[in-house]
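> Sharing a structure below in structure tokens format, with a few things to ask.
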Ligand SMILES: [Zn+2]
């Protein structure tokens with residue numbers, strides 16, 4: 001489950017290197033931007049007549065950047081076994097989804113404002129994959145949070161069998177352990 005969570009966050013991040021969005025002008029494709037180019041901004045060459053190309057700056061899209069950071073944060077949190085981290089990484093995955101959707105609607109409305117319908121923007125599989133993996137990562141983390149919430153760990157004192165259970169991750173430890181073997185939490 002932890003690996004699945006790590007993988008979905010990592011795949012969501014990898015999707016940022018795939019094409020996210022294509023801008024076309026009267027049906028002709030002008031440019032395709034990857035998620036990374038949306039995050040950092042980029043420079044594009046636009047044909048300006050007489051065979052010349054002028055360079056135009058594409059500004060970084062702050063909402064795409066926030067989505068990217070949410071996924072990075074979720075990935076980092078998935079490395080931890082603690083339940084609180086599962087909750088936060090679920091939120092990070094959910095935020096990544098929201099930021100992706102918000103940046104999609106912002107880009108769409110910005111462009112239609114600028115060019116009065118001449119320019120169309122469409123979204124590529126990379127964008128939808130990033131969205132799907134963010135959603136998946138959020139659901140897996142939420143699942144971890146709720147399924148492990150039901151498993152009530154026993155108190156750290158001896159339960160008569162020479163074991164004690166970690167309050168952070170619920171794993172079974174020898175009574176002699178000073179730290180949890182799974183997550184490293186110090187037993188008080
Ligand atoms: Zn533990």
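> Taking the condition of being surrounded by fewer than 18 Cβ atoms within 10 Å (Cβ to Cβ), outside any loop (DSSP other than H, G, I, E, B) and more than 12 Å from the chain's Cα centre (by Cα), how many residues in region 95-119 meet it? Even if it seems obvious, please write down each step before you answer.
Just the residues of region 95-119 that are surrounded by fewer than 18 Cβ atoms within 10 Å (Cβ to Cβ), to begin with: 98, 101-102, 105-106, 108-119.
Of the ones still in play, those that are also outside any loop (DSSP other than H, G, I, E, B) are 98, 101-102, 105-106, 108-115, 119.
In the following step, the residues that additionally are more than 12 Å from the chain's Cα centre (by Cα) were identified as 101-102, 105-106, 108-115, 119.
Qualifying residue count, region 95-119: 13.
> Being outside the structural domain of residue 170 (by TED's automatic domain parsing) and either under 30 Å from residue 182 (Cα atoms) or surrounded by 15 or more Cβ atoms within 10 Å (Cβ to Cβ) (or both) is the requirement here; does residue 53 meet it? Explain how you work it out, then say what you get.
Numbers: outside the structural domain of residue 170 (by TED's automatic domain parsing): yes; either under 30 Å from residue 182 (Cα atoms) or surrounded by 15 or more Cβ atoms within 10 Å (Cβ to Cβ) (or both): no.
So residue 53 does not fit the description; no.
> For region 172-188, which positions are in contact (Cβ under 8 Å) with a residue 24 or more places away in the chain and near the ligand (Cβ under 10 Å from one of its atoms)? Reasoning before the result, please.
Here is the first cut: in region 172-188, the residues in contact (Cβ under 8 Å) with a residue 24 or more places away in the chain are 182-183, 185, 187-188.
Those that are in contact (Cβ under 8 Å) with a residue 24 or more places away in the chain and near the ligand (Cβ under 10 Å from one of its atoms): 182, 183, 185, 187.
> Taking the condition of being more than 15 Å from the chain's Cα centre (by Cα) and part of a strand (DSSP E or B), how many residues in region 2-41 meet it?
So the count comes out to 13.
The values are calculated or read from the model by the stated rules, or taken from the named source; none is laboratory data. Please read these numbers as outputs of a predicted model, since none were measured by experiment. Cβ sites come from the backbone with ideal geometry, for glycine too, and all protein chains shown count toward neighbours.
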